[in-house]
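All remarks here apply to the structure that follows.
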Amino acid sequence: MRDSVIFVAGARPNFVKIAPILRACESAPFDRILVHTGQHYDHAMSGVFFEQLGIPAPDVHLEVGSGTHGAQTGRIMAAFEEYLLRDKRRPRWIVVVGDVNSTMACALVGSKLCLPVAHVEAGLRSFDRAMPEEINRVVTDAISNLLLVSEPAGLTNLANEGIASDRVRYVGNVMIDSLVEQLPAARALRMHERFGLHAGDYAVVTLHRPSNVDDPARLAELVQLLRRIASEVQTVFPMHPRTSARFRDLGLLSGLQGVRVIEPLGYREFLGLIADSSVVVTDSGGIQEETTYLGVPCVTLRTTTERPVTCTAGTNVLVGEDLDAAWAAIQRSLTLRERRPCAIEGWDGRASSRVVTTLTERA
Ligand code: UD1
């Protein structure tokens, strides 16, 4: 019987990373089994990514849904363990990607069953334990057998944590593989025209981190910033469901006059929109990387980043909680209108094939 490798995906940023890896597996000497935990379940947060990125239907769907961190992580663990115990076949690897609850939950289950776990996008650290993703990263890396690193800081962080170098391999950024593949189709959508915008002359905003959207005072300040941006340049805000819920609960939506608030976009639509924008204002992790690759200025509304190469070699500026600094950085981007293409090792559209080669060699 052929070996099998289990690939876990659960939330929106996972799908973008798992798609190119699954494709790179097509000629690999093992069967691929895709497990969808169901952490994200809406068409807008999950289904559209499967369609656009050509991800095959999951072989296993755990259907865990939303919940508090403990409840969601616990449900994923129980359901994934049940699946592994039922399916008697011992996988050659369990591959988890990124830093969401599904990543950590499945890594824990695999490692407790003494199955080899590989973590794609290992070594990233914001050094901010108030971020749920940081806990997920630290735990996942501590217990994974193979750590596949996406940016130079990852190697330093893992070495500083005393992780033996034979567990670590630099493969580059699999998310950039999806971007490289989808960019022509994304640009062909001419998203700016769909929203009546001029290419190179609009801002895109995304916000969903608890540090920005869960605190009513902070969110109210951000509303002021968004209005200020919209007074200067046309502004589109595809809104994450947790952010919509907060805006609704706090009655803040009416404060966003002038800002074009829309539903979350599909992968291609979002990529097309940011590719032709003049500045992106965000608190996402992945968008810092996508804008760096595209050379589009990115203003990140966070105090830390786990992706420092986007600041040192890319277009990203961290402005912390200081909204005047945010405004200054946004104005600078709008005035300079620079495009700075980047060259970061392994951000070349071929990271997934290096992942699959490593999985094949290290059985
Ligand atoms: C999760 C990840 C975060 C990632 C983000 C991208 C963790 C700890 N966080 O945060 O790293 O950047 O996904 O989106 O894993 N909801 C829906 N439909 C869905 C999914 C969620 O309406 O398909 C709503 C629910 O009300 C839910 C809320 O969004 O309670 C939060 O979803 P959850 O997956 O728990 O965390 P995110 O904030 O999306």
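What the table shows:
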{"quantity": "Sites Glu263 and Ala71, calculated FRET efficiency, Cβ-Cβ separation with R0 25 Å, nearest 0.05", "calculated": "0.40"}
{"quantity": "Taking the stretch 270-363 and dividing mean pair separation by its residue count, relative contact order in percent (alpha carbons under 8 Å, at least six apart)", "calculated": "26"}
{"quantity": "Probe 1.4 Å - accessible area at Val117, Å² to nearest ten", "calculated": "0"}
{"quantity": "Relative contact order of the chain, pairs being alpha-carbon contacts under 8 Å that are 6 or more residues apart, as %", "calculated": "17"}
{"quantity": "Gain on full stretching of the segment that runs from Cys114 to Arg89 - 0.36 nm per residue minus C-alpha separation", "calculated": "7.7 nm"}
{"quantity": "Rg and Dmax of the stretch 1-117, Cα atoms only, in Å", "calculated": "13.3, 40"}
{"quantity": "Under-5 Å amide H pairs with Val279, H placed in peptide plane, nonlocal only", "calculated": "Tyr202, Val204"}
{"quantity": "Cα-derived Rg over Rh, computed across the stretch 225-338 with Rh taken as Kirkwood radius", "calculated": "0.94"}
{"quantity": "Loop-resident sites, the stretch 36-100, for trypsin sites (Lys or Arg not before Pro), counting at most 15 other Cβ within 10 Å (DSSP)", "calculated": "Lys88, Arg89"}
{"quantity": "For the stretch 147-306: span of alpha carbons on each principal axis (Å, largest first)", "calculated": "54, 39, 24"}
{"quantity": "Fully extended contour minus Cα-Cα distance, from Asp201 to Ala343, at 0.36 nm per residue", "calculated": "48.6 nm"}
{"quantity": "The chain: DSSP helices with Cα axial extent of at least 18 Å and average Kyte-Doolittle hydropathy no lower than 0.0", "calculated": "12-24, 174-188, 216-232, 323-336"}
{"quantity": "Restricting the stretch 141-207 to chymotrypsin sites (Phe, Trp or Tyr not before Pro) in coil, as DSSP defines it, with at most 15 other Cβ within 10 Å", "calculated": "Phe195"}
{"quantity": "Charge tally in the Cβ shell below 11 Å around Glu306, where Lys, Arg are +1 and Asp, Glu are -1, Glu306 excluded", "calculated": "-3"}
{"quantity": "Computed Kirkwood radius, in angstrom, where 1/r is averaged over Cα pairs of the chain", "calculated": "20.8"}
{"quantity": "Cα→Cβ-extended label distance, 7 Å offset, between Arg2 and Glu51, nm", "calculated": "2.9"}
{"quantity": "Under 5 Å, built H, 5+ apart or other chain: amide partners of Tyr170", "calculated": "Val149"}
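The values are calculated or read from the model by the stated rules, or taken from the named source; none is laboratory data. Keep in mind the model is a prediction, meaning the values are calculated, not measured. Quick reminder, even Gly has a Cβ in these numbers, built from the backbone with ideal geometry, and neighbours come from all protein chains shown. Please note that ligands, DNA and RNA were not included when accessible areas were found on the heavy atoms of the full protein model with its side chains. Shrake-Rupley method; radii C 1.70, N 1.55, O 1.52, S 1.80 Å.
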